[in-house]
Amino acid sequence: GDRALYSLEVGLTKISPVDALKQGVSEAWLDKIAAVSADHNKLFAIYNVYANSDAENIFKRGDILLAVNSQPVVSFKQVEQLSQQKNVRVTFYREGKVHNETVKTSLLNGKDIDQVLYWAGIYLHKPHRAALQQSNISDKGLYIASYSYGSPASRYQIFAMQRIVEIDGVAIENADDFIQAVINKQHAES
C-alpha cells in the first residue's frame, strides 16, 4: 500500500569534526557521533532550509545537526529514516549552545502540481516543491515553468523559473488571483 513519506525540509552538507570543534561543538558530542559508526566521521551542517516549512522557524543556515529523536546522526539515510513521522525532536548546535526543538515534518505526496495554466506563451502553476527547495522562494504567486519562443511572454522577457507576483498593481498569490487579473484582458492588450 501507500506509505507516508515525511521530510525534515532541510538541505544538509557534511563538515569535518575539526571544523565542528572549531565552531565550539563539544568533544562529548563528537564522541557520541563517532560511537555510532566508524565509517562516518563527518557531521551535518544546515545549508538550506525550505521556505514555508516548520523547519524555517527553527533552523538557520550553518546550524550543526547533532541528533534526531535523541539519536546522533551520521548519514543522510539515517536522518531520512529518523524523520519518518509527523513530528521529530532535533538536537542542533548554534553559536555556542546546543538546542533541542520539535519540528513538524512535511508529508510528501508526490502531487505538487494539480493545475497548469497557459497564457501569452507561458506555462504557469503554483511553485512546486523543487522550486521551493532549490531557490528558497515563497509559495506566493505563480511559477513560470516554461515559455514558447516568439510568444508575447518571450518578447517581453518573461522567462522560465520566474514568478508572477503582481499584475496591474494587484497581488497574485495563486491561480485564482491570476485568472481574475487576466480574464477580462482583450486580445493584444498589455
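Within the set Val73, Val49, the sole residue that is in contact (Cβ under 8 Å) with a residue 60 or more places away in the chain and hydrophobic (A, V, I, L, M, F, W, C) turns out to be Val49.
From the list Lys77, Lys126, the lone residue that is over 30 Å from Ser190 (Cβ atoms) and among the basic types (Lys, Arg) is Lys77.
Counting just the residues of region 50-70 that are among the acidic types (Asp, Glu) and within 13 Å of the chain's Cα centre (by Cα), which one comes out least open to solvent (accessible area, probe 1.4 Å)? First the steps, then the outcome.
From region 50-70, those among the acidic types (Asp, Glu) are 54, 56, 63; that's our starting set.
From what is left, the residues that are within 13 Å of the chain's Cα centre (by Cα) are 54, 56.
Details: Asp54: 51, Glu56: 92 Å².
If we take residues in region 50-70 being among the acidic types (Asp, Glu) and within 13 Å of the chain's Cα centre (by Cα), then Asp54 is least open to solvent (accessible area, probe 1.4 Å).
Check whether at least one residue in region 17-35 is under 20 Å from Ser106 (Cα atoms), β-branched (Val, Ile, Thr) and not in a loop (DSSP other than H, G, I, E, B), and report yes or no. Checked region 17-35: no residue is under 20 Å from Ser106 (Cα atoms), β-branched (Val, Ile, Thr) and not in a loop (DSSP other than H, G, I, E, B).
Among the residues of region 108-130, is there at least one that is among the polar types (S, T, N, Q) and touching a helix residue (DSSP H, G or I) at 6+ places or on another chain (Cβ under 6 Å)? Steps first, please.
To start, the set of residues in region 108-130 that are among the polar types (S, T, N, Q) comprises 109, 115.
Still in the running and touching a helix residue (DSSP H, G or I) at 6+ places or on another chain (Cβ under 6 Å): 115.
The answer is yes; a qualifying residue exists.
Yes/no matrix, rows are residues, columns are (1) surrounded by 15 or more Cβ atoms within 10 Å (Cβ to Cβ); (2) closer than 16 Å to Gly121 by Cβ:
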{"residue": "Gly150", "(1), (2)": "no, yes"}
{"residue": "Ser154", "(1), (2)": "yes, yes"}
{"residue": "Ala160", "(1), (2)": "no, yes"}
{"residue": "Glu166", "(1), (2)": "no, no"}
{"residue": "Asn174", "(1), (2)": "no, no"}
{"residue": "His187", "(1), (2)": "no, yes"}
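The values are calculated or read from the model by the stated rules, or taken from the named source; none is laboratory data. Every value quoted in this text rests on a predicted model; they were computed, and no experiment measured them. As a convention, Cβ positions derive from the backbone with ideal geometry for all residues, glycine included, and neighbour counts pool all protein chains shown. Just so you know, the surface numbers come from the protein's heavy atoms only, side chains and all, with ligands and any DNA or RNA stripped out. Shrake-Rupley method; radii C 1.70, N 1.55, O 1.52, S 1.80 Å.
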